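Every number in this text was worked out from the coordinates using simple rules, so none of it is lab data. All values reported here derive from a predicted model rather than from experimental measurement. Using ideal geometry, Cβ is built from the backbone for each residue, glycine included, and neighbour counts are taken over all protein chains shown.
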Amino acid sequence: MRFAALPLFALGILVGAASAATALPVIVELQNVLIDSDPSYAVTGSFLFDPSVGPYPPFPPYSWGGYSNFNITAKTPYGTFLMNNLWTANAGDWTYLGLSADPGGVGTSLIFIYANDLRQSVLNMQPDPLLPLGSGSNYIPGGSALAPSVAELYDDPQVQLYSVSGSFVPSGTVPEPSTWALMLIGFASLGLWIPTTLHGAALRGRRHGLRG
């Protein structure tokens, strides 16, 4: 029994670990994301990004362009909001993302403009810095910004925009259910193998004692 269990344990752990290493999607965390470089106005949280999705529609509604599971809180000059509504995303080269406190961007909204292609940054597990206002970005409004709403961001030349800086940092992967199943099989086999091995060792010890 122990000889059959050990290979099963090893196979489950090795295959599960290999699958986990390449599992998608990836957790992306917001690191030192500040509004106007003010620590009291921080944007914190994370989301999931699947670089295998896209690049163009149709996208599943729960994973537009690879984005999903937003869990982001923004402390802003307008108040504190959950910024979990996606109102825009460039899934051609993954260079910007728009989030809002309300569906459709009718309320307080953020536009994040990346220095690099987020998809490549995620695949390479490297941070992707945000381009703040005044950085020379070709995308309106010229860099990452906070606005009272999407309409004011694009249509009101008098609106006060707040610059946003920081980085999006890939921090790990989310194993798929099949990966968890393989690893559980491996750990269950380990649980079977250890007592069987200990019992065998105990029997051998008794026999040696009897012979002695």
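Couplings for region 27-44, taken from phi via the Karplus curve 6.51 cos²θ - 1.76 cosθ + 1.60 with θ = phi - 60°, read 6, 10, 9, 8, 10, 6, 7, 10, 9, 6, 6, 9, x, 7, 10, 10, 10, 10 Hz in order; Gly and Pro are left as x. Electrostatic tally near TYR162: other residues with Cβ closer than 13 Å to its Cβ, Lys and Arg +1, Asp and Glu -1, net -2. Applying 0.36 nm per residue to the separation of THR44 and SER135 and subtracting their alpha-carbon distance, the gain on full extension is 30.5 nm.
With R₀ set to 22 Å, the beta-carbon distance separating GLN126 from ASP93 gives a calculated FRET efficiency near 0.85.
3J(HN,Hα) along region 153-168, derived from phi through the Karplus expression 6.51 cos²θ - 1.76 cosθ + 1.60 where θ = phi - 60°, amounts to 4, 9, 10, 10, x, 8, 5, 7, 9, 10, 6, 10, 10, x, 8, 9 Hz, with x in place of Gly and Pro. For the pair ASN84 and VAL174 in one chain, pulling the backbone fully straight at 0.36 nm per residue adds 30.5 nm over the alpha carbon distance.
For SER52 and GLU29, the FRET efficiency from 1/(1 + (r/R0)^6), where r spans their Cβ atoms and R0 equals 22 Å, is about 0.65.
Phi-derived couplings, Karplus 6.51 cos²θ - 1.76 cosθ + 1.60 at θ = phi - 60°, listed residue by residue for region 117-129: 6, 4, 4, 5, 4, 5, 4, 8, 6, 10, x, 10, x Hz, with x used for Gly and Pro.
Using a cut-off of 13 Å between beta-carbons, work out the net charge of the residues near TYR114 (Lys and Arg +1, Asp and Glu -1, TYR114 not included). Surrounding charge for TYR114 is -2. Close amide H pairs (under 5 Å, H built 1.01 Å from N) link TYR67 with ASP50, residues at least 5 positions away or on another chain.
Across region 25-173, the relative contact order, built from alpha-carbon pairs under 8 Å that are at least six residues apart, equals 25 percent.
Quick one: net charge around ASP93, please, counting Lys, Arg +1 and Asp, Glu -1 for every other residue with C-beta under 15 Å from its C-beta. Net charge in that neighbourhood comes out at -1.
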